[in-house]
Amino acid sequence: MDFNKHFKKATNRTKEKLLEGIGKAKATQDEVFDQHAANLQKQSKSCERLHKDVKTYAAALKTLLAAEKQLRDTIRDAYEQEWPDREHLTAIFDNLDIQTDELEKKVCEDLPQTVTQYVNQFPDLKKKIEKRGRKLVDYDSAKNSFNSLKASSKKDNDPKLAKATVELQNAEQMYTEMNNELLEILPAVYDSRITFFVDTLQSLFNANSVYQTDASKFHKQIVMQLDKLGESMDYLRVARPEARALTPIDTTSLASSNAPATPDPSKADSTSLRQSTPSPTVVVSPAPAAVPTMKPRESVVSMANSTNPFDDEDETAEDEKEATPTTEVEEKFETKVYPKLNAQQTAAADQAIAAARRQKKEPSNPFDDEDDEKTEVEYPVSPKKEDKEPAPKPLDGITNEKRKTLYFVTSTHEYKAVDTDELSFEPGMKIKVIEANDADQLDDGWRLGELEDGKRGVFPENFTKKV
């Protein structure tokens, strides 16, 4: 029964709209209500878009705050116990966590919930507007039927006319009640957009402002705390090993560097046999306690600079002088505020050894004679003859007689003369084109011209443009 009733109403409404569309039925017009309905549609779109963006912003902010918390937890764990004011840094991080929780509650929970509640009213209002439209169609249909029956009825007490009157009154009452209700609600809802925007945006930006102000203060305190940590580097640094004692290799190197020159074989004892290759004499110091303690890098350098048995005293003295910059480099490294790695010290020692080996001369062979040294013979070099510039030749086929000026051109490209009767010019030079005679024998595409310095010659026309 209800289905048939609803189907009949839907059929009558469709028929009425069709008749109104083709102009055979009169439709009721309400411009005021139409304006309110349009305002609601515009307001609904704007609020739904804001609702979507607020939810996206809340989700992103929640992710950011969670990442900040995770970072603070990592820093809190990485800050070692013996570092200065660890408890103070932990307290700062705890305060930041509290501020983060407050911001997350206001922006990520309360704000989206408020916007959602405001937006949820629009679907119900749109349904009421649609229902009001259907009631308006029913009212127009009843009114048109009543007017049609009234015009065609000839009796005063016609039952069809009475029924049509009752239906018209019922339809008018339902439409009027629905229309009046919406005329009160729609303007109020449209005006509420202002207070909604003010409250929503103030809550959002005020929460962000409070959080950023407090977080900025805490961040500055963290920076100051990290400055204290940097200043504590001197007593927090890892202890370095002490300089090791002198090894036998170092003692041998030191003794060899202080050894005297090789004694003369002619002054040796007659009972001793003459050796083909002299051996170095090691002299041990009578007071071992006076031997200075050497650092690891000094022992390596002393080994590199130890005296070769084939070297002379002068070369040994030069090697000892060259070893002094290494000690200065070592002192410079020791005066650094922050410690250097052992790899850097080893690299510096290797560089000193390489420099000492490069500067050290090759040992002389006792069997070599001074006459075997090769001397460079300088051959006389004949002086280079200066190239004389050839005397300029007169241009072939072109005379300096007066010629008629035809027009002027400007060079667009560079051209270098191939023959003596051609002109050379750079781009942008002005050339005066003069009249040519049959005796000049100009080829196609060539012109006879004169430069600003008075030099005449032929030139290709496609390298210029007419002025």
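The values are calculated or read from the model by the stated rules, or taken from the named source; none is laboratory data. These numbers come from a predicted model, not from an experiment. Glycine gets a Cβ as well: all are built from the backbone with ideal geometry, and neighbour counts include every protein chain shown. Side chains are part of the model used for accessible areas, which takes the heavy atoms of the whole protein and leaves out ligands, DNA and RNA. Shrake-Rupley method; radii C 1.70, N 1.55, O 1.52, S 1.80 Å.
Just a few scattered comments:
- Per the Kirkwood formula applied to alpha carbons, the range 403-459 shows a radius of gyration over Rh ratio, Rg over Rh, of 0.93.
- Nitroxide proxy distance, nm - points 7 Å out along Cα→Cβ at LEU236 and ARG49: 5.2
- Accessible area in square angstrom per residue, the range 48-140, 1.4 angstrom probe: 59
- Charge dipole magnitude, Cβ of K and R +1, D and E -1 - the range 28-93, Cα centre, debye nearest 20: 220
- Cut-off 13 Å between beta-carbons: net charge of the residues surrounding PHE205, Lys and Arg +1, Asp and Glu -1: 0
- If you plug the beta carbon distance of LYS131 and ALA59 into 1/(1 + (r/R0)^6) with R0 = 45 Å, you get a FRET efficiency near 0.80.
- Here THR165 and GLN121 are evaluated by their C-beta separation; at R0 = 45 Å the FRET efficiency comes out at 0.75.
- Site pair ASN206 and GLN41 shows an inter-label distance of 3.6 nm when each label is modelled 7 Å from Cα along Cα→Cβ.
- Across the alpha-carbon atoms of the range 154-220, the computed radius of gyration and Dmax are 28.9, 96 angstrom.
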